[in-house]
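Everything below concerns the one structure shown next.
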Amino acid sequence: MDTIKAQGSPYIHISFVCFLPLIFQKKREPPELPCKIETELDRIGSLPAYVIDQILSQLPIRDAVRTSVLSRKWRYKWATIPHLVFDSQCVSFSQDQTLVKNKLVNIVDHVLLLHNGPILKFKLSHRDLLGVSDIDRWILHVSRICIKEFILEIWKGQRYKVPSSLFSCQNLIHLELFNCLLKPPSTFKGFRHLKSLDLQHITLSQDVFENLISSCPLLERLTLMNFDGFTHLKIDAPNLQFFDIGGVFDDVIFENTFHLALVSIGLYVNVKTELPMAPGNSGKLLRFFVHLPHIRRLEVQSYFLKYLAIGNVPSRLPRPCADLNYLSIRINFNDLEECLAALCLLRSSPNLQELEMLARPEDNCIGVLTNFWDDDHWNSMFPQLQIVKIVGISGIKSELEFINFVLSNSPALERMTVKPASADGGWDMLKELLRFRRASVQAEVIFLDP
């Protein structure tokens, strides 16, 4: 049952699920109680406009169109829906992709032709959707209205080249593109109102990327996944608060990102920590945090810790990450440079409350790192650390030393969860964990099956 509240009115409880059989039932035999059905239809037809709008907003576009049979008041009410979503619920799955494509094109054309009123959201996403030329027409159509949210997901085929008409949508607040090629016209000056940008499996040049980010002054959320055409990530966004990236790149630089609070970065290829640094340049770790004074949550995924270990790694950052309360690190516990970088991050996070360490063993790792976490690296403990998760370990000495180190230096610890990569040696690992001293009397150590 859905609850809808009008301005200045008490709550009205409407179970419009009971209306659906009346909408979509096939005619078989005359109903036993025709007066009752007529009464129900009268009730449907007499619903306030705002209630009808709420009901239609909960239905897939295909079902919303079908409500035109309910009554004269409902006949073209669907044509004013401001949010248009064309996905797998519009056209059911079929082995005949040509049939699916034709059905989808007909549905979109029909809806756009009869639609009357503003279109605030346009989403096109179907598992069998290819980059057909019809999409150009639809984008041109929505570009002529004040659309605020545009989502295009091309799940099959080559990159779809986004037409220049999309870049004229100056009222966009949210833009989401999947499997697309971006080449803005020379007259494009950015999206002045854009707050959320999600680009996945995308192709664009280095200049286009930098101009796109810097010309969206209100941008708050940025997601980049599996991109090509550029390798240097220069993020100049004064209002950015959320940044999620995963892909192959050479460098990442933040500028004017003093409001950035949630960062997740995954580098999908291994890098060499011996890469030369230009004279006078500090290490990657120092440069990464210069414009992140208020970061609250950081996820270091894949091989990005190895990137941060390039160059000089200080014992701690010049300015601690005082707001950082969640830290997730994927690490090779046998890599000295990665451990040094991780140690710097831990030392520089005095208010850390939750820590996740994801082991990333490497077959070509030379030697075994021992006694690193046994040394006196610290002048203080983890005063606020409460939750620790350690995943994917194999029971090697450096991993167990780290667990012992955290347990003995976390007086506020409430729970540590350990999940090995395999069941091999699990019993010996568990016995070793039970021997470790705990600084917190309330700390609970949970050993999970792989």
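What follows draws every value from the coordinates through simple rules; no lab data is involved. Owing to the predicted nature of the structure, the values given are computational and were not obtained by experimental measurement. FYI the Cβ positions are ideal-geometry reconstructions off the backbone, even for glycines, and counts take in every protein chain you see.
A few comments on the model shown:
- Sites Arg319 and Asp96 - FRET efficiency at Förster radius 56 Å, r taken between beta-carbons, to 0.05: 0.40
- Around Leu292: net Lys/Arg minus Asp/Glu count, Cβ-Cβ under 12 Å: +2
- Charge context of Ala443, other residues only, Cβ under 13 angstrom, K/R +1, D/E -1: +1
- Packing order of peptides 227-240, 399-412, 98-111, highest average first: 399-412, 227-240, 98-111 (average count of other Cβ atoms within 10 Å over each peptide's residues).
- Between Asn211 and Leu430, full extension at 0.36 nm per residue minus the direct alpha carbon distance yields a gain of 73.5 nm.
- Fully extended contour minus Cα-Cα distance, from Asn239 to Ser88, at 0.36 nm per residue: 50.9 nm
- When only alpha carbons of region 239-364 are considered, Rg and Dmax amount to 13.6, 42 Å.
- Amide H partners (placed H, <5 Å) of Ile393, local residues excluded: Ala359, Lys419, Ala421
- Per principal axis, descending, Cα span of region 119-278 in whole Å: 52, 33, 28
- Sequence-separation-based contact order of region 97-223, relative, with Cα cut under 8 Å and 6+ spacing, percent: 19
- All other residues whose Cβ lies under 11 angstrom from that of Arg127 are scored, Lys and Arg at +1 and Asp and Glu at -1, for a net of -2.
- Spin-label pair Thr187-His259: with each label point 7 Å from Cα along the Cα-Cβ axis, the two points sit 3.0 nm from one another.
- A simple spin-label model places the labels of Arg296 and Ser408 3.5 nm from each other, with each point 7 Å out along Cα-to-Cβ.
- Approximate spin-label separation Arg287-Trp155, in nm, with each point projected 7 Å along Cα-to-Cβ: 4.1
- Largest first and in whole Å, the equivalent-ellipsoid semi-axes of region 291-449 read 23, 20, 14, each the square root of five times a Cα gyration tensor eigenvalue.
- Cross-link table Lys234/Lys272; Lys121/Lys389; Lys284/Lys397; Lys148/Lys234; Lys161/Lys272; Lys148/Lys306, entries beyond 30 Å C-alpha to C-alpha: Lys121/Lys389; Lys161/Lys272; Lys148/Lys306
- The stretch between Asn371 and Val248, if pulled fully straight at 0.36 nm per residue, gains 41.0 nm over its current Cα-Cα span.
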